[in-house]
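Got a structure for you, questions after.
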Amino acid sequence: MTTSGQVRVEREVRVRAPGKVNLSLRVGAREADGYHPLATVFQAVSLYEEVIATPSDELSVSVSGQQADRVPLDLTNLALRAAQLLAVHTGVEAGVHLHLHKAVPVAGGMAGGSADAAAALVACDALWGTAVPREELLELAAELGSDVPFPLAGHTAIGTGRGHLLMPAMSRGEYHWAFAVREEGLSTASVFGVFDELIAGATRLEPEADRALMQALRAGDAHALGRALHNDLQHAALELAPALVEPLAVAEDAGALGVLVSGSGPTVAALARSRQHALVIAAAMTAAGVADQVLTAVGPVPGARVINSARARSADGGPDDSD
Ligand code: C5P
């Protein structure tokens with residue numbers, strides 16, 4: 001916060017970051033560090049988390065939007081941890097209040113919490129004027145969680161390592177989705193735990209990104225992409241939430257080009273032929289009562305970005321002097 005004469009200038013930084021769907025998720029055997037090596041292809045989709053950062057003497061968070069009551073307000077909140085990590089990394093002694101407005105399902109396998117963290121990094125960096133280089137922000141993001149770097153990057157990317165090492169992937173055209181959201185989330189750690197039980201004793205090859213899928217993306221061929229969608233965690237998610245077979249079946253019957261559980265679930269993603277067809281699939285899922293909520297979205301979309309950096313209000317109640 002700065003003071004200039006009589007005018008107290010209070011900045012507000014607003015950032016939005018997208019959720020994701022894993023078009024393909026190939027998982028190797030658990031390693032000594034407890035994590036599984038992955039080869040995944042992420043696509044960022046147009047369900048956005050919004051984070052509004054305002055100056056404060058403390059670190060605090062408030063939440064609104066979809067399933068807001070399920071988001072913790074203590075330091076287990078990934079966005080708060082992102083702010084804290086950036087402050088420590090840069091030596092900034094300022095606090096921040098973060099307001100999260102949620103549109104990505106909570107604990108749904110679409111990286112909503114990770115998008116909050118990615119957005120918080122970008123918002124605090126702008127608010128505090130720390131100008132941390134992008135590569136460093138990506139490293140901080142990876143410290144927060146395997147899925148946090150991707151919502152920073154957005155678009156389409158291959159993720160390796162724990163899913164945190166990103167390489168941009170070429171993708172042509174737009175892909176339309178319908179999502180079946182379940183009220184009760186799934187814990188990523190428990191889905192990986194069931195995955196371990198299911199593959200016990202089997203030899204696992206080093207996971208690799210799918211060639212057919214990358215080719216489909218390069219060609220902008222939604223039909224080929226639908227055929228290539230794949231998730232090694234789907235079986236484990238279905239063990240924990242057997243009712244997910246229902247939205248999968250309804251979306252298939254409604255002509256989806258491909259259906260899968262998104263990431264560690266329980267959100268089910270259905271690839272449509274067009275925006276209109278995504279609405280038809282969503283309506284079919286609603287009519288069949290196989291989801292607590294249905295959403296539609298398009299991908300790929302860009303990563304976390306500042307959507308306004310307003311000097312919100314002067315102390316004399318004068319008009320915004322912002323962009
Ligand atoms: O990295 P993050 O904290 O988001 O991961 C949550 C949990 O998911 C980990 O504790 C681990 O159990 C599991 N995980 C995994 N292999 C990965 C990513 C996550 O086993 N590549």
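How far is helix 275-288 tilted, in degrees, relative to the longest principal axis of the Cα atoms in the chain, given as a value from 0 to 90 rounded to the nearest 10?
Its long axis makes an angle of about 70 degrees.
Counting only the heavy atoms of the protein chains, how much of His230 is accessible to a 1.4 Å probe, in Å² to the nearest 10?
50
Could you compute the FRET efficiency for His223 and Thr76, with r as their C-beta to C-beta distance and R0 at 35 Å, rounded to 0.05?
With a Förster radius of 35 Å, E is 0.25.
Okay, next question. Let me see the P(r) profile for segment 82-201: every Cα-Cα distance counted, bins of 10 Å, each bin given as a percent of all pairs.
12, 35, 35, 16, 3, 0
Which of Asp253, Asp147, Asp33 ends up with the largest GNM mean-square fluctuation for the chain, with Cα atoms connected below 10 Å?
Top of the fluctuation ranking is Asp33.
Kindly state, to the nearest 0.05, the FRET efficiency for Ile307 paired with Ala200, given R0 = 51 Å and r defined as their beta-carbon distance.
So, using R0 = 51 Å, E works out to roughly 0.65.
Rounded to the nearest whole Å², what accessible area per residue is found for segment 175-299 with the 1.4 Å probe?
45
Let me ask you something else. Taking amide H positions as placed in the peptide plane 1.01 Å from N, state which residues far from Asn231 in sequence (5 or more) or on other chains have amide H under 5 Å from it.
Close amide H contacts, sequence-distant or interchain: Leu25.
How much FRET efficiency would the formula 1/(1 + (r/R0)^6) give for Ala212 and Ser62, where r is the Cβ-Cβ distance and R0 is 56 Å, rounded to 0.05?
Efficiency, from the Cβ-Cβ distance: 0.80.
Let me ask you something else. Tell me the mean residue ellipticity at 222 nm calculated for the chain from its helices only (DSSP H runs of n ≥ 4, each -39500 (n - 2.57), averaged over every residue, nearest 500).
So the calculated ellipticity at 222 nm is -9500 deg cm²/dmol.
Residue-wise, which Karplus ³J(HN,Hα) couplings in Hz belong to segment 154-162, taking 6.51 cos²θ - 1.76 cosθ + 1.60, θ = phi - 60°, and x for glycine or proline?
In residue order, the calculated couplings are x, 6, 10, 8, 8, x, 10, x, 7 Hz.
Mind listing the Cα extents of segment 187-288 along all three principal axes, in Å, largest one first?
Over segment 187-288, Cα extents along the principal axes are 44, 34, 18 Å.
Please report the carbon-and-sulfur percent of the accessible area for segment 126-166; probe 1.4 Å, protein heavy atoms only, DNA, RNA and ligands left out.
C and S fraction of accessible area: 53 percent.
Given N residues in the chain, what is its alpha carbon radius of gyration divided by 2.2 N^0.38 Å?
So the Cα radius of gyration is 1.03 times the expected 2.2 N^0.38 Å.
Here's another thing I want to ask about it. Return the long-range amide H neighbours of His155 (sequence gap of 5 or more, or a different chain), with a cut-off of under 5 Å between placed amide H atoms.
Amide H neighbours of His155, under 5 Å, 5+ apart: Ala44, Val301, Gly303.
When only DSSP loop residues count, what chymotrypsin sites (Phe, Trp or Tyr not before Pro) in segment 21-64 have their Cβ near at most 16 other Cβ atoms within 10 Å?
Sites meeting the loop and neighbour criteria: Tyr35.
Can you give me the C-alpha center-to-center distance between segment 57-94 and segment 169-198, rounded to a whole angstrom?
That distance is 24 Å.
So for segment 7-169, what percent of the C-alpha to C-alpha distances run longer than 22 Å?
When all Cα pairs of segment 7-169 are counted, 39 percent exceed 22 Å.
If Glu93, Glu49, Glu136, Glu174 are ordered by their accessible area, calculated over protein heavy atoms with a 1.4 Å probe, which sequence runs from highest to lowest?
Glu93, Glu174, Glu136, Glu49
What figure in square angstrom, to the nearest 10, would you give for the accessible area of Arg162 with a 1.4 Å probe?
So the heavy atoms of Arg162 present about 60 Å² to solvent.
Here is a follow-up. Could you sort Ile52, Ile307 by accessible area so the largest value comes first, with the probe set to 1.4 Å?
The ranking, largest first, comes out as Ile307, Ile52.
So what J values fall out for segment 50-55 if you push phi through Karplus, 6.51 cos²θ - 1.76 cosθ + 1.60 with θ = phi - 60°, rounded to Hz, Gly and Pro as x?
10, 10, 10, 9, 10, x
The values are calculated or read from the model by the stated rules, or taken from the named source; none is laboratory data. Just so you know, these numbers come straight off a predicted model, no measurement behind them. Ideal geometry is used to build each Cβ from the backbone, glycine not excepted, and the neighbour counts take in all protein chains shown. In case anyone asks, the SASA skips ligands and DNA or RNA and just uses the protein heavy atoms, side chains included. Shrake-Rupley method; radii C 1.70, N 1.55, O 1.52, S 1.80 Å.
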